[in-house]
Amino acid sequence: MALGPYLFLATLEGLVQAAVLCITAAGLSLVFGVMRVVNVAHGEFVMLGAVIAWFAASLVTGHPAIGFAVALVISPVIVGAIAFASERLILKRLDYNPEATIVATIGLLYILQQTVLIVYGPDARPVDPPFYYTIRFPWFGYSSYKLFVIAAAIVIMGAIWFVLQKTKAGLIMRAAQFDRETAQAFGIPVDRVSAFVFAAGAGLAALAGVLVVPIQQAHYLMGADPLLLSFIVVIIGGLGSMSGTVVAAILIGLSDGILSVMFSPTLAKMVSTLLVALVLVFRPNGLFGKAAR
Amino acid sequence: MLKIENFDAYYGQSQALRDFSITVSPGEVLCLLGRNGAGKTTALKAIMGIVPPKRGRISLGGTDLTGLPANRIPKAGLGYVPQGRRLFSELTVRENLEIGLMTRKSGPAALERALSYFPALRERFSQRSGTLSGGEQTMLAMARALCIEPSVLMLDEPTEGLMPSMISTIRDVVIRLRDEGVGVLLVEQRIDAVLPVASRIAFMDHGEIKAEMEIDAVRADPSILKTYLGVGH
Ligand SMILES: Nc1ncnc2c1ncn2[C@@H]1O[C@H](COP(=O)(O)OP(=O)(O)O)[C@@H](O)[C@H]1O
Ligand SMILES: [Mg+2]
């Protein structure tokens, strides 16, 4: 294949990466922004979403699209409920202390991982995409499902933007994010908002897991990469800044995708990590971040 | 009427409020004075439940609010203008006011009323509140608190760092609120900032109220101030 088409293919792969990363990192960013909690277990929520999608696909008979549709609905709900319970039982009791919650979410990471290992086993299992249609470009054919993932990410990010900017719930979340104390002085139950946000963040991770599993297979250790990459994205974008998260996800997704296809995945990860180091040195608050209050 | 009885509050081991008791009746302005670090802000935060008191009782209009979580206290009708204004600076003027309206699910009439005190804010509706001038930010912080239609309004050093013209605007609003029957708890460091509006004055030091007096007594014999303020003003 000539360089032009090859670069085009790599860009498409990068955009798919960016799409999934956008959704995952948006969840992490939301949780950090509102709760100031660094959720180390975030990648496990992606993994849970993927594993639940596998269960849905194998339990629901008929066309793969039915199982997929079921997974799209139940995965975020189940994972959100697990996150909600973890928030009430663990994070709230630690009073959202920044250091303590890091340790606690590391614990949560292992609990979720090992539980899935026991229940689901050590194998990577594929899930059929909901449709197989291949789009024929002049140089190569490309999975329409992957293009669907890009479209789905755009829709989901649009929905997040709408909720945050245009609804009452979003206004409450933004107020709680900027100033917890003053938010309470205006009747906002910051505590319950936190539980809801933690569940919503996990639900987004699960959604990313469902979207990615037809491309990547479900495996109990698959949470590590999304965790690392979303951390990179959230740091580059600026902690708690949603627009920064989107820009950084596209940047990292594209560079990771293109470098992986054209050179090697290892080089891609090196470049991403280097980018983080550079950002931390020259813009410690991220590209779009503001100094913490 | 806001009634605070025997509040004790702590930051860790250190006691910041000792046996703090006050009442604010409808249509009066109680001024809380004291040096920097006397515990004035802590007193307001304890009332709001942000620094929960370890001991004591609070009631508003006869309703017992003791031990309620911080987000429930404003719903009883307690408005709060924190020190330094504490606007949601990334949010627009309109959004800041909407948050005030949400507190007690107030309708558009409450917004109109709040804006009637500060008509200048109307032109700034879609501006990010962090970009307002200092005076406008204070007006917004007050309007946001008025959106909850408070029966008692607490103001923590609202005139700090403002120009004289703005200070007199705020003073006029306080007087208007008082005359409309709102109880006002006004915190300031300097006596001259409150003399024209005060009904009563309470002096605070080391987390305690050292003295409380009617404004008439102060006007009759200004020398009693010297005892509490060190130098005569
Ligand atoms: N968040 C805090 N943690 C610990 N100590 C505090 C805190 N806020 C205030 N203090 C202390 O409590 C005392 C009273 O402070 P404050 O209520 O802010 O006084 P004022 O408003 O009268 O200037 C001071 O000694 C101050 O250092
Ligand atoms: Mg103060």
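A few comments on the model shown:
- Placing R0 at 45 angstrom, the Cβ-Cβ distance between residue A:106 and residue B:208 gives a FRET efficiency of 0.50 after rounding to 0.05.
- Listed from fewest to most Cβ neighbours within 10 Å, the set B:228, A:133, A:220 follows the order A:133, B:228, A:220.
- Candidates B:34, B:108, B:150 compared by Cα position along the dipole of chain B: farthest toward the positive end lies B:108, with charges placed on Cβ.
- Estimated dipole of the stretch B:86-149 in Debye, rounded to 20 [Cβ of Lys and Arg +1, of Asp and Glu -1, Cα centre]: 100
- Label zone (residue A:2, point 7 Å along Cα-to-C-beta; backbone nitrogen cut-off 14 Å) within the stretch A:114-155: A:138-140.
- Dipole of chain A [Lys/Arg +1, Asp/Glu -1 at C-beta], most positive-end residue of A:19, A:77, A:157: A:157
- 12 Å beta-carbon shell around residue A:220, net charge (K/R +1, D/E -1): -1
- Debye log10 I(q)/I(0) at q = 0.08, 0.11, 0.13, 0.14 Å⁻¹ for chain A, Cα point scatterers: -0.34, -0.64, -0.89, -1.03
- Legend: ranking of residues A:108, A:228 from fewest to most surrounding C-beta atoms inside 10 Å; resulting order A:228, A:108.
- Between A:278, A:263, A:116, the Cα set farthest toward the positive side of the dipole of the stretch A:3-291 (charges on each charged residue's Cβ, about the Cα centre) is that of A:278.
- Computed FRET value (nearest 0.05) for residue A:161 with residue B:128, which takes r as the C-beta separation and R₀ as 25 Å: 0.90
- Think of each Lys and Arg Cβ as +1 and each Asp and Glu Cβ as -1; about the Cα centre, that makes the dipole of the protein assembly as shown roughly 280 debye.
- Using a Förster distance of 45 Å, the FRET efficiency for residue B:19-residue A:69 (Cβ separation, nearest 0.05): 0.10
- Charging the Cβ of each Asp and Glu at -1 and of each Lys and Arg at +1, and nothing else, the dipole of chain A about its Cα centre rounds to 560 debye.
- Segment residue A:136-residue A:81, length gained on full extension (0.36 nm per residue, minus Cα span): 15.7 nm
- Here the spin labels are modelled as points 7 Å beyond Cα on the Cα-Cβ line, and at residue A:88 and residue A:168 they lie 2.3 nm apart.
- Chain A: angle of helix A:224-237 to the longest principal axis, Cα-based, in degrees nearest 10: 60
- Per residue convex hull volume, Cα atoms of the protein assembly as shown, in Å³: 177
- Here the residues B:218, A:31, ranked from fewest to most Cβ neighbours within 10 Å of their Cβ, fall in the order B:218, A:31.
- Its Cα gyration tensor gives chain B an equivalent ellipsoid; the semi-axes, largest first and in whole Å, are 27, 21, 16.
- Counting DSSP beta bridges with both ends in the protein assembly as shown, the antiparallel % (nearest 5): 60
- Orientation-averaged projection of the stretch B:86-149 equals 3.6 nm² [convex hull of Cα atoms, one quarter of hull surface area].
Since every read-out is calculated from the coordinates, none of them should be taken as a lab result. Since the structure is predicted, the reported quantities are computational estimates derived from the model, not experimental observations. Backbone-built Cβ (ideal geometry, glycine too); neighbour counts: all protein chains shown.
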